[in-house]
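Notes to accompany the following structure.
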Amino acid sequence: MSSYLKNGTVVTDTVPSIVSYGTAVGRMEGEGPLGSCFDYVSEDSGFGENTWEKAESRLQQHAFEQALLRGSIAESDISFVFAGDLLNQCTGSAYSMRNNGLRFVGLYGACSTMAESLAMAGLFIDNGIGAYCAALTSSHFCSAERQFRFPETYGGQRPPTAQWTATASGCAIVGDHADPPYIRAVTIGTIIDMGIKDANNMGAAMAPAAYDTLRSHFTNTGTCPEDYDMILTGDLGLVGSEILRDLFLQDGVTLGERYNDCGLMIFDREKQDVHAGGSGCGCSASVLCGHILGRVQKGELKNVLFAATGALMSPTLVQQGESIPGISHAVHISSESI
């Protein structure tokens, strides 16, 4: 059984394993620095569908199928699917899973959804609930723009603090196996609202939540940044990452080169016009599943603290002048079981 420490941190007992993983991305993501890491890169942003929402569901299906294929796992062997996206009622995930008959748990944590789903999958397996659990999420630039912002044809200006929603999906399948990567612990975050009202500055809205979750995880587990080869947030972008570093500096803690952000990794900010970096549920999911888990599996990275971050906003509330709450969940992923 999982062991609850305090303040949201749970340490796994059986130390479940990320048995397999898969990714699917759009052309722009495939042209970025991590392009060669992704399993499926589409030249067609519509993924063969006639709406952006259907395209996102198809994108998510590709990532799920790639994870099943890599692990030689039958779809029928999946006990539960934990999935979410940025669309109303998580329809990208619901419609991608509606025809396979699998037990589905829809999650909404905005861009924190990959950490949220991975935490739930890991805890289910650790407590003997199911054989395999899939953690799955996605985002699509066009469906997210329609959901949250202005029509592209409107010609609105993107400020420097704005981030680019990645067209990407990642899937991790968790099971009770003896091989790495292992899920050692998770920390579930609290909602932090610092009064940020600028919907084009998600990094500033989410950074305090990432700080709160990471600080809680360090305190609860008796660890420090130096105990991890990589501390990975997603997706604070340039602005939020700098704020996070500054918040830790106020505590006398330097994150240093071990810290990085998925929103800064998936695109080349010099060559690709993404302003402050990438964002979206699929950004951190694809970076984790495409670039990080394989390195943990090989032992290149022994301990990774993955803290995905989300802005729990809606266009309606932003238009009403509400501030933007943030959330972050952390998962300790390791090449070592003890």
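Nothing in this text is a laboratory measurement; each read-out follows from the coordinates by a stated rule. None of these values were measured; they are calculated from a predicted model. Don't worry about glycine lacking a Cβ; one is built from the backbone with ideal geometry, like all the others, and counts go over all protein chains shown.
Not counting the cut sites, what is the longest span of the chain without trypsin sites (Lys or Arg not before Pro) that DSSP labels loop and that have at most 13 other Cβ atoms within 10 Å? List each step's numbers first, then the result.
Values: sites that count: Lys6, Arg98, Arg103, Lys197, Lys271.
Longest gap between qualifying sites, sites excluded: 104-196.
The Cα center of segment 54-94 and the Cα center of segment 217-270 differ in position by 29 Å.
Taking Lys and Arg as +1 and Asp and Glu as -1, the other residues whose beta-carbon sits under 12 Å from that of Asn303 total -1. Express as a percent, rounded to the nearest 5, the fraction of DSSP beta bridges in the chain (both residues included) that run antiparallel. That works out to approximately 65 percent antiparallel.
Per residue of the chain, the DSSP helices (runs of n ≥ 4 H) give a summed -39500 (n - 2.57) that works out to -9500 deg cm²/dmol at 222 nm. In order along segment 250-263, phi translates into HN-Hα couplings of 5, 8, x, 10, 9, 6, x, 6, 6, 9, 8, 10, 4, x Hz, rounded to whole numbers, per the Karplus curve 6.51 cos²θ - 1.76 cosθ + 1.60 with θ = phi - 60° and x for Gly and Pro.
Across Asp176, Asp273, Asp229, mean-square fluctuation computed from a Gaussian network of the chain (C-alpha pairs under 10 Å connected) peaks at Asp273. Got a sec? Which residues in segment 245-266 would a label at Thr223 touch, if it sits 7 Å along Cα→Cβ and we count backbone N under 17 Å? What the label zone holds, given the 17 Å backbone N cut-off, is 254-261.
If R0 is 35 Å, the Cβ-Cβ spacing of Glu257 and Ala178 corresponds to a FRET efficiency of close to 0.65.
Here Lys54 is the anchor, and the lysines within straight C-alpha reach of less than 30 Å, apart from those fewer than 8 places off in the same chain, are Lys271. The longest part of the chain holding none of the exposed loop GluC sites (Glu not before Pro), meaning those outside H, G, I, E and B in DSSP with at most 16 other Cβ atoms within 10 Å, is 50-269.
Normalised by 2.2 N^0.38 Å, where N counts its residues, the alpha-carbon radius of gyration of the chain equals 0.90.
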